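Asks: Below are the structure tokens for one structure; questions will follow.
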Amino acid sequence: SEATMDAIGESLAERLAAVRGRIAVAAHRAGRAPDEVTLVAVTKTIPPGVIAAAHAAGLTTFGENRVQEAQSKRAMLDLPGARWELVGHLQTNKVATALVTFDRIHSIDSVRLAEAVASRAGTQGRVVPILLEINVAGEASKTGFSLAEALDAARAILALPHLRVEGLMTVAPIAADPNNVRPIFAHLQALRELLRREVPLGADGGWRELSMGMSDDFEVAIEEGATLVRIGRAIFGERPSYGA
Ligand SMILES: *Cc1c(COP(=O)(O)O)cnc(C)c1O
């Protein structure tokens with residue numbers, strides 16, 4: 001009902017204001033401007049009505065981790081100025097749908113996937129903004145390039161047409177204390193510096209974006225240079241466990 005949606009909108013606006021405040025404080029602590037950090041609202045499992053309320057509360061960048069779910073939500077919603085970004089693993093058989101659904105892909109985790117995206121982008125006549133996902137801690141449960149293979153992967157991917165490589169992404173291990181994953185974020189920033197030296201993109205070196213930090217660790221990530229924080233639960237509340 002409308003009353004329910006108003007109530008959802010109010011608590012959402014409060015949580016969003018709190019998150020934005022924490023982003024600003026963390027940025028200031030690191031001597032950075034808050035507007036150097038873009039908030040990507042992760043809306044996996046969140047129903048379209050709540051996403052519309054989030055948009056009304058001022059959110060414009062939405063992150064999803066499943067192609068089909070994002071495609072159907074995007075088709076149901078017409079949100080002016082909204083951008084949809086893929087933050088989860090992409091299977092090569094879903095590349096075509098992903099490219100008509102997402103404005104940017106954070107999760108390029110193999111050269112083979114990059115080739116599939118490049119090839120499809122070519123047939124669609126467009127250039128796709130991407131980030132390379134790095135499995136900094138080398139966790140077996142996660143995809144992504146290891147720190148050791150990142151430079152070779154970057155060289156191979158930069159040789160492909162129809163892609164705009166904008167930076168790096170990582171998902172830190174789960175930690176009881178977010179300070180425990182600070183080295184993960186610091187490693188990603190160090191890798192970016194190496195890539196700027198070895199495979200610079202444009203006059204300023206490029207590799208601008210560092211997509212790192214989630215609800216439990218975004219402040220530490222911002223202190224270590226995050227430019228894109230991907231936040232779900234701190235804005236929308238806990239997800240049902242099947243969507244974790
Ligand atoms: C779910 C998810 C997030 C957001 O996680 P929260 O803990 O809800 O903030 C960020 N990044 C990726 C890749 C995710 O899958």
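Asks: Under a straight-distance cross-link criterion of Cα-Cα below 18 Å, which aspartates and glutamates are reachable from Lys73, leaving out those fewer than 8 residues away in the same chain?
Replies: Hits, sequence-local ones excluded: Glu64, Glu85, Asp103.
Asks: Can you compute the radius of gyration and Dmax for segment 100-141, using only the Cα atoms, both in Å?
Replies: 11.9, 36
Asks: Right, something else. Could you tell me what a quarter of the Cα convex hull surface of segment 101-178 works out to, in nm² with one decimal place?
Replies: Numbers: hull surface 23.4 nm².
The number I arrive at for segment 101-178 is 5.9 nm².
Asks: Would you please report the Å³ per residue occupied by the convex hull of the alpha carbon atoms in segment 173-220?
Replies: Normalising the Cα hull of segment 173-220 by residue number yields 69 Å³.
Asks: Shifting gears a bit: Which shape class applies to the chain: rounded if a/c is under 1.5, otherwise prolate when a/b exceeds b/c and oblate if not, where a ≥ b ≥ c are the square roots of the Cα gyration tensor eigenvalues?
Replies: oblate
Asks: Could I ask something else about it? No solvent, one uniform scatterer per C-alpha: report log10 I(q)/I(0) for segment 1-129 via the Debye equation at q = 0.09, 0.14, 0.16 1/Å, two decimals.
Replies: -0.32, -0.71, -0.87
Asks: Find the relative contact order for the chain and round it to a whole percent, using C-alpha pairs within less than 8 Å whose residues are 6+ positions apart.
Replies: 20 percent
Asks: Using the number of other C-beta atoms within 10 angstrom as an exposure proxy, rank Val220, Val127, Val95 with the fewest first.
Replies: On the way: Val220 24, Val127 13, Val95 20.
Fewest to most other Cβ atoms nearby, the residues stand as Val127, Val95, Val220.
Asks: Next up: Helix-only mean residue ellipticity at 222 nm, the chain, DSSP H runs n ≥ 4 weighted -39,500 (n - 2.57), per residue, nearest 500. What is it?
Replies: Per the formula, -13000 deg cm²/dmol.
Asks: Here's something else I'd like to know. Charges on Cβ only, +1 for Lys and Arg, -1 for Asp and Glu, centred on the Cα centroid of the chain; of Val117, Ala75, Met169, which one is farthest towards the dipole's positive end?
Replies: The residue sitting farthest along the positive end of the dipole is Val117.
Asks: Once segment 61-198 is represented by equal point scatterers at the alpha-carbon sites, with solvent omitted, what log10 I(q)/I(0) does the Debye formula produce at q = 0.09, 0.17 Å⁻¹?
Replies: Relative scattering, expressed as log10 I(q)/I(0), comes to -0.28, -0.94.
Asks: Still on this model: For segment 123-232, just the Cα atoms, rotate onto the principal axes and tell me the three extents in Å, largest first.
Replies: 44, 29, 29
Asks: Still on this model: In µm²/s, what is D for segment 195-244 at 10 °C and 1.306 mPa s, where D = kT/(6 pi eta Rh) by Stokes-Einstein and Rh is the Kirkwood radius from Cα pairs?
Replies: Reported coefficient: 125 µm²/s.
Asks: Further question on the same structure: Taking the Cα-to-Cβ direction at Gln189 and at Arg164 and moving 7 Å from each Cα, how far apart do the two end points lie in nm?
Replies: 2.6 nm
Asks: In units of 2.2 N^0.38 Å, what is the alpha-carbon radius of gyration of segment 1-60? Display every interim value, and only then the final one.
Replies: Details: Rg = 13.3 Å, N = 60, 2.2 N^0.38 = 10.4 Å.
After normalising by residue count via 2.2 N^0.38 Å, the value is 1.28.
Values in this text are rule-based calculations from the coordinates and carry no lab data. Just so it is clear, the model here is predicted, and its values are computed rather than measured. As a convention, Cβ positions derive from the backbone with ideal geometry for all residues, glycine included, and neighbour counts pool all protein chains shown.
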